[in-house]
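Comments concern the structure below.
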Amino acid sequence: MPVIDALGSPPPASAIAAAMAELAAGHIVALPTDTVYGLAVGADRPEAMALVYEAKRRPDDLRLPVLVAGIEQATTVVHASEAGLVLMRRFWPGALTIVLPARPGAAAAGGHPTVGVRSPDAPVAAALCAAAGPLAVTSANHHGADPPATAADVADLFGEEVALVLDGGPCTGTPSTVVDATGSVLRLLREGGVPWRDVLAAAGG
């Protein structure tokens, strides 16, 4: 599969257009984020999400998080609680995934009641979300293995399972922190790029 230069802020329009065409066809696109390289498909394409599970060897019960281009786009996928909005305003764009109730009919939820959403602090991911809409994205590795750090390594790992790779340079960041904000009390599901203590402080303890 092709590896396309996507360096720059903003990234080349031709790279974003090529990725959008593959997403529209229901294919997987690998892209750099502010944490690691990810496998992306349209969040409204259940058949494409099934391809991600197959390529990643990901268990079916682990839902795919959704990347969005900011708060307004997030609210097309989830119902944002007041606590969720506080966290979005404080930490987005950035490495915080917030689990919230899914909007009725949201394909990204896969029939589950909640979805994890995040606005990435990365030019390629942000530009592609803004152009194509919310993207279901998971780290570009086989389940349980370390994510590759470069576009070439992603291409070598997945071969024809991925339609194209957007090359944004090495990605060696820490995975996002994941917080459940569906209830009256925040719950830490995974600590990553944003310290849990900072999340609690932003939410008023």
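Where a number appears in this text, it was derived from the coordinates with a stated rule and is not lab data. As the structure is a computational prediction, the values presented were derived from the model and not from experiment. Ideal geometry is used to build each Cβ from the backbone, glycine not excepted, and the neighbour counts take in all protein chains shown.
A compact table of results
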item: Count of region 1-19 residues which are under 19 Å from Ala69 (Cβ atoms) and either charged (D, E, K, R) or touching a Leu at 6+ places or on another chain (Cβ under 7 Å) (or both); result: 5
item: Test: residue in region 40-47 that is under 23 Å from Gly192 (Cα atoms) and in contact with a Lys or Arg (Cβ under 7 Å, 6 or more places away or on another chain); result: no
item: Test: residue in region 47-56 that is over 14 Å from the mean Cα position of the chain (by Cα), surrounded by fewer than 16 Cβ atoms within 10 Å (Cβ to Cβ) and basic (Lys, Arg); result: no
item: Considering residues of region 58-80 that are out of contact with any strand residue (DSSP E or B) (no Cβ under 9 Å at 6 or more places or on another chain) and of a type in the set (A, V, I, L, M) only, the residue surrounded by the fewest Cβ atoms within 10 Å (Cβ to Cβ); result: Ile71
item: Residues of region 53-96 that turn out to be touching a residue at least 24 places away in the same chain (Cβ under 8 Å), within 15 Å of Ala202 (Cα to Cα) and assigned to a helix (DSSP H, G or I), as a count; result: 7
item: Within region 188-205, tally of residues that are surrounded by 13 or more Cβ atoms within 10 Å (Cβ to Cβ), of a type in the set (D, E, K, R) and touching a strand residue (DSSP E or B) at 6+ places or on another chain (Cβ under 6 Å); result: 1
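Per-residue answers, yes or no, for (1) over 20 Å from Glu22 (Cβ atoms); (2) of a type in the set (Asp, Glu):
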{"residue": "Ala95", "(1), (2)": "yes, no"}
{"residue": "Ile98", "(1), (2)": "yes, no"}
{"residue": "Ala107", "(1), (2)": "no, no"}
{"residue": "Ala125", "(1), (2)": "no, no"}
{"residue": "Leu135", "(1), (2)": "no, no"}
{"residue": "Asp146", "(1), (2)": "yes, yes"}
{"residue": "Ala152", "(1), (2)": "no, no"}
{"residue": "Leu166", "(1), (2)": "no, no"}
